[in-house]
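Notes to accompany the following structure.
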Amino acid sequence: MKKSKAIVILLCILLLLLGVTYIDFYGVDGKGTGSASDISLGLDLAGGVSITYQVVGEEEPDPTEMSDTIAKLQKRVEHYSTEAIVYQEGSDRINIEIPGVSDANAILQELGKPGVLYFISETDDAGNVNYEYQSDKKAYVLNKTIEELQENGSIKLVGTDVLEAKAVTFNDNMNNSEIGVGLTMTPEGKEKFAEATSIAAKKGETLAIYYDGELISVAGVPKALTDGQATISPMESFEKAENLASTIRIGGLQLELEELHSKVVGAQLGVEAISTSLKAGAIGFVIVALLMIAVYFISGFVSVIALSLYVALVVLLIYGFDMTLTLSGIAGIILSIGMAVDANVIIFARIREELALGKTVSSAIKIGYEKALSAILDGNITTLIAAGVLLLLGPGTVKGFAQTLALGIGLSMFTALIVTKYVMLALYALGFQSEKWYGVGKEPKTFDFLGKKKLFFGISGALIAVGLLVMVVFKVQTGDMLNYSLEFRGGTATTVTFNESRTLEELNKEIVPVIEDVIGSAVQIQTVQDSNEVIFKTNSLDVETRDELNQVLAEKFAVDETLITSETISSTISSEMKSDTLLAVAVAIIGMLIYIRIRFKDIRFGVSSIVALLHDVLVVVAFYGVARVSVGNTFIACLLTIVGYSINATIVIFDRVRENMAEMKKKDKLEDVVNASITRTLSRSIFTSLTTLVMVATLYIFGVTSIRDFALPLMVGILCGGFSSVCLAGPVWMMLRDKFPPKPDED
């Protein structure tokens, strides 16, 4: 590479870094649009809209119907944010909390009133007209009541027969573009719809959709529709099609709901949580940067440039993809900085190995990138498969995590394989050509990891066994193996009206400690905009504890007891979310196994990787149980992070085993090859674990309580991930290979 070209490359990358950083801070225009401050934040960081619906009717609703309605509403509000939550309040109320918005009326108007939706035939069996067009009202109007229509059989389908409704564009018979609403029926609805459209088509009649007191659509039926698919068209605009589709979706609920009240709620954690997390991230980044430069010299300096660009691009693309950022999301990004180091470390270690073999610096750089490529691709693709499956099958909060994970992986590969490569080549062309700038690797003494497998298995087995035993003891004593927070088990929401407005910081400092002394558990806070109301969410409180809490609040803070209300709330992590998460993780594991089988041509590598992964998850869950760390929303994010981290670390080692096996000679023993492979990648395993641990440790030291509950088990998971990849995965693979020898065509 010529010096002139090297200067151009460095200037381009520097300008890209400065440009993206400028946009992150100041946006793309004078108003700051597109800056980091425009990123959508979750309820914990920025608050949002809280809407409470009540079931229409005097009788107490059926619990199964309530559960089904909550599950369907959860799917629908994820249109606004993957972090939106829906939960039950009392016996007949449903609460929806949507982060990042402040106009409750706009949400209510778009979401619609969750009532009952009906598909009505134009005439009954006797030929009497059910609805007709009234020119003075410029609309179709029913001639009969809903009760009469139900009695004469004119209601052909209801909202629950519709599986999906969405705005669509399509070409008509004349190849003209049209806008409409596409409907997909449930299996039962498909049969009903086929019968209804068959009758309507034979009579030359229309079919109407009735919702919330009016006919929202009256459409002709040219033929019988037997496949469960239909399109309502033409629509005046895509926006009107979206509104109609939303109305049909919301009308498919089991219960009819009416709005009780809505309010704008403040952040649960406040600005302090953001500032402390960002402070932790900055400190961790500086420490990692210094470590990289100290260990890898000029290569480390190059990686710092790439990591800086990585962070700037992550912030920019989070806004660009309209992701909702929560506190665990910030922690995940900070964690990803540590993980992004991994690809650089793999490359730099390879370059040093080539220099130790006597290669020139230029050749070492070229060969180092070539040999590191497969390990980086295989490790990251397996994690991307997991992210993709979680994105498709996981519930809302898991999808948010998967988005951030996929984004981080894609950017880390770009910065490691492209940015660092060209910056390093440019610096080489500008004069950094001596080996002293890169460091020469030393041949490490091979350690007998396979020979120590009994010790390693014993340590792992003991940790898991002790952890599970302690969890069983807690189960007997308290009824729960884990210290579930109200997100998992539900609790009590106590609304208190103070005599004056109080900030979140004042509440955390003065009032929360008093409440925690009374109830003996953690408290979540939500302030209500333009009022003195504060909502305290706690674990379930009995009547006696509620009365005691009310008295304490009245005595110490002069609160009027008559203005204190308490409601039982359900968990925000429903059984559907749990089952969806488990299904997504199971499918992700199968997907990773298939990929590893194809790439490594040996299913034992995949099985060994999954064994190491499950070991890490079990140890971390046991740690949650023994240390009684609160199991809340971040619990799922923590375990998923460990899954991604563990599989990546293991694949890097197996990639080296595969490479060395291809170069084996007849006199070489496979055990020696495996031990040598683990030993040669040991420095990478230790250094990557160290840098990631530094990032998470800064979160633990400087973060708020909820972040510490995330960071502490994550540190345990990182240590476990490093241990299982180095000490367990190889021995397990060797045992499987001995137990199930490969066929001649596999070797």
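The values are calculated or read from the model by the stated rules, or taken from the named source; none is laboratory data. All values reported here derive from a predicted model rather than from experimental measurement. Every residue, glycine among them, receives a Cβ derived from its backbone with ideal geometry; neighbour counts consider all protein chains shown. Areas reflect the complete protein model, heavy atoms only, side chains present, ligands, DNA and RNA absent. Shrake-Rupley method; radii C 1.70, N 1.55, O 1.52, S 1.80 Å.
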Computed label-point distance, nm, for sites VAL8 and GLU214 using a 7 Å Cα→Cβ extension: 6.3 nm
Which residues does the label zone of ALA356 cover in segment 677-693, counting backbone N under 18 Å from a point 7 Å along Cα→Cβ? 677-688
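If eta is 1.567 mPa s and T is 4 °C, what Stokes-Einstein diffusion coefficient results for segment 454-500, Kirkwood Rh from Cα pairs, in µm²/s? Present the calculation step by step, with values, prior to reporting the outcome.
Working: Rh = 13.9 Å.
It diffuses with D of about 93 µm²/s by this estimate.
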I'd like the accessible area for MET1: 1.4 Å probe, protein heavy atoms, all chains in place, Å² to the nearest 10. 100 Å²
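Would you please give the FRET efficiency between ASP547 and GLU576, computed as 1/(1 + (r/R0)^6) with r the Cβ-Cβ distance and R0 = 51 Å, to the nearest 0.05? It would help to have the intermediate numbers written out before the result.
Details: r = 35 Å, r/R0 = 0.68.
That pair, ASP547 with GLU576, gives E of 0.90.
State the percent of C-alpha pairs, over all pairs in segment 620-747, separated by a distance greater than 23 angstrom.
Details: 3495 of 8128 pairs.
Taking all Cα-Cα pairs of segment 620-747, the fraction more than 23 Å apart is 43 percent.
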Amide N proximity, segment 673-696 versus VAL295 label position 7 Å along Cα-to-Cβ, cut-off under 13 Å: 681-695
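Between ILE594 and ASP136, how high is the FRET efficiency from 1/(1 + (r/R0)^6) when r is the Cβ-Cβ distance and R₀ = 56 Å? Nearest 0.05. It would help to have the intermediate numbers written out before the result.
Numbers: r = 65 Å, r/R0 = 1.16.
E(calc), rounded to 0.05, equals 0.30.
Considering only the other residues whose Cβ falls under 12 Å of the Cβ of PHE474, what net charge follows from Lys and Arg at +1 and Asp and Glu at -1?
Details: positive: LYS475, ARG628; negative: ASP480.
With Lys, Arg at +1 and Asp, Glu at -1, the neighbours total +1.
Express the relative contact order of segment 341-464 as a whole percentage, based on alpha carbon pairs under 8 Å and six or more residues apart in sequence.
Details: 75 pairs, mean separation 40.6, N = 124.
Worked out over segment 341-464, it gives 33 percent.
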Heavy-atom accessible surface of the chain: percent carbon and sulfur, 1.4 Å: 58 percent
The relative contact order of the chain, taking Cα pairs under 8 Å that sit 6 or more residues apart, comes to a percentage of 16 percent
Calculate, for LYS454 and PHE740, the FRET efficiency according to 1/(1 + (r/R0)^6) with r their C-beta to C-beta distance and R0 25 Å; round to the nearest 0.05. 0.75
How much mean residue ellipticity at 222 nm does the chain get from its helices, if each DSSP H run of length 4 or more adds -39500 (n - 2.57) and you divide by all residues, to the nearest 500 deg cm²/dmol? -19500 deg cm²/dmol
Labelled set (1) 30.1; (2) 41.2; (3) 56.3; mean projected area of the Cα convex hull in nm² computed from this model equals the value at (2)
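Among the complete DSSP H segments of the chain, which ones combine at least 24 Å of alpha-carbon extent along their axis with a mean Kyte-Doolittle hydropathy of 0.0 or more? Before the final figure, lay out the partial values.
On the way: long enough: 3-26 (34 Å, 1.85); 187-203 (25 Å, -0.89); 271-320 (37 Å, 2.10); 327-356 (44 Å, 1.31); 361-393 (47 Å, 1.27); 396-414 (27 Å, 1.05); 453-478 (37 Å, 1.58); 575-600 (37 Å, 1.17); 603-627 (36 Å, 1.84); 633-662 (45 Å, 0.90); 682-702 (30 Å, 1.47); 705-723 (28 Å, 1.27).
For the chain, where a helix must reach 24 Å along its axis and average at least 0.0, the hits are 3-26, 271-320, 327-356, 361-393, 396-414, 453-478, 575-600, 603-627, 633-662, 682-702, 705-723.
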Out of THR495, ALA36, HIS261 - ranked by how far each Cα lies towards the positive end of the dipole of the chain, with unit charges on the beta-carbon of charged residues - the top one is ALA36
If each residue of separation counts as 0.36 nm, what is the full-extension length gain between GLU663 and THR446 once their alpha-carbon separation is subtracted? 76.4 nm
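Contour minus end-to-end for ALA126 and SER374, with contour as 0.36 nm per residue of separation and end-to-end as the Cα-Cα distance?
Working: separation 248, 0.36 × 248 = 89.28 nm, distance 7.33 nm.
Length gained, ALA126 through SER374: 82.0 nm.
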Residues with amide H under 5 Å of TYR484's amide H, sequence separation 5 or more or different chain, H placed in the peptide plane at 1.01 Å from N; which? VAL631
Could you give the length gained by full extension between THR64 and ILE146, i.e. 0.36 nm per residue of separation minus their alpha carbon distance, to one decimal place? 27.0 nm
Sorted by average packing, counted as other Cβ atoms within 10 angstrom per residue and highest first, what order do 297-310, 729-742, 555-568 take? 297-310, 729-742, 555-568
Mean accessible surface per residue for the chain, computed with a 1.4 Å probe while every protein chain stays in place, in Å²: 46 Å²
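Distance cut-off 20 Å, Cα to Cα: go down the list LYS72/LYS399; LYS156/LYS203; LYS3/LYS359; LYS75/LYS578 and report the pairs above it.
Working: LYS72/LYS399 17 Å; LYS156/LYS203 15 Å; LYS3/LYS359 23 Å; LYS75/LYS578 14 Å.
Violating the 20 Å Cα-Cα cut-off are LYS3/LYS359.
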Determine the order of GLU258, GLU205 by accessible area, beginning with the largest, at a probe radius of 1.4 Å. GLU258, GLU205
Just the projected area, averaged over all directions, of the convex hull on the alpha carbon atoms of segment 1-137: how many nm²? 18.9 nm²
Where a label projected 7 Å from the Cα of LEU719 along Cα→Cβ would reach, residues of segment 440-464 with amide N under 19 Å: 455-464
